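One structure is given below, encoded as structure tokens.
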Amino acid sequence: MERAAGREDALVVRLQDAVESLYRQAEAAARALEPVAPQRVPTAPGTEPGEPSETAETPRERLRRAYRAALARDPEGADAPSPTTPTGEYNLACTYAVRTTPLGAADALRTTDHLRRAVVLADLRAWLHDDPMLAAYRERPEYAAEFGQDPLDLLAVAPFARYAPALRAWGLTTEQRIVAAPPPDLAALLGTTPEEAARVRAAAHLAADLPALPGRCDVLDVLLAHDVGALPPAGQGLPDDVAGALRSRVGRLRLTPSERDRLCAALAGWLG
């Protein structure tokens, strides 16, 4: 309960900060616009002089115009308030990430710069990998270079990580060697129970079924975390939550474009 309450409090603070930041930007943009004089209709018999017409600009329309003007301007122009919190930095990063299509190199660098200052908050560091507003940024090389994760090796994946020292000591550093070890021998070498040794071998079997490409151990890590013990038959996709987790993980790996394309092509049949 305390952990949930802490997350709720943090979310409230982030929302307050985001609202205040957006309000300041819209307010500054509105001040920069020339005042709009309401249009007047000719005075008709029985009406008061100066009565505004139905076509006069409403406050909502003026705010929309101010918002469009704010998007067209440099978010860090001379009259723009500077972010004072990590959430403010994150909001500004998102502004740069979406203001042009396609996302250019200059705005991608600015997005990176502001995200560097935003990710002191762990929640923001985690969210940037899935935030829809940063989708175009994640396609840029700046994202992988700054925030990408190096692919895991086999012994960094659970359940192998728990026994990594013993596996290395006995030369069992590949899935093929782990599978080849008889279950009783594997249990003795790892100093564990036959049931646990069987679990390690089953994970190694699943690893052996994956394509031998960079990033495959991250795929294995996601599958095991979702209790997927075997790949589905050809043409049958994985559950939506598993497929979504795989796309997210693959998207954040520090791979070359060619490596990423090959891995995505190999997984396409299971991702749907």
>> Looking only at the range 119-139, filter to residues that are at pLDDT below 90 and touching a Ser or Thr at 6+ places or on another chain (Cβ under 9 Å); which one of those is least open to solvent (accessible area, probe 1.4 Å)?
In response: His129
>> Name the single residue that is modelled with the lowest pLDDT among those in the range 248-272 being loosely packed, with under 13 Cβ neighbours inside 10 Å and not hydroxyl-bearing (Ser, Thr, Tyr).
In response: Gly272
>> Go through the range 216-245 and report how many residues are under 20 Å from Arg125 (Cβ atoms) and touching a residue at least 12 places away in the same chain (Cβ under 8 Å).
In response: 5
> Among the candidates Ala212, Ala225, Ala243, which residue alone is among the hydrophobic types (A, V, I, L, M, F, W, C), exposed (fewer than 14 other Cβ atoms within 10 Å of the Cβ) and modelled with pLDDT under 95?
Replying inline: Ala212
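Report the residue count in the range 109-139 for those that are over 13 Å from the mean Cα position of the chain (by Cα) and of a type outside the set (Val, Ile, Thr).
So in the range 109-139, the residues over 13 Å from the mean Cα position of the chain (by Cα) come out as 109-114, 116-118, 120-121.
Now drop any that are not of a type outside the set (Val, Ile, Thr), which leaves 109-110, 113-114, 116-118, 121.
Number satisfying all stated conditions: 8.
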> If you check every pair at least six apart or on different chains, which have Cβ atoms under 9 Å apart with a residue in the range 130-141 that is free of Cβ contacts under 8 Å to residues at least 40 places away in the same chain first and a residue that is in a loop (DSSP other than H, G, I, E, B) and open to solvent by 70 Å² or more (accessible area, probe 1.4 Å) second?
Replying inline: Ala136/Thr101; Ala136/Pro102; Glu139/Pro102
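The values are calculated or read from the model by the stated rules, or taken from the named source; none is laboratory data. From a predicted model like this one, the values you see are computed outputs, not experimental measurements. Neighbour counts are summed over all protein chains in view; Cβ atoms, including those assigned to glycine, are modelled from backbone coordinates with ideal geometry. We work out accessible area using only protein heavy atoms, side chains counted, and drop any ligands, DNA or RNA first. Shrake-Rupley method; radii C 1.70, N 1.55, O 1.52, S 1.80 Å.
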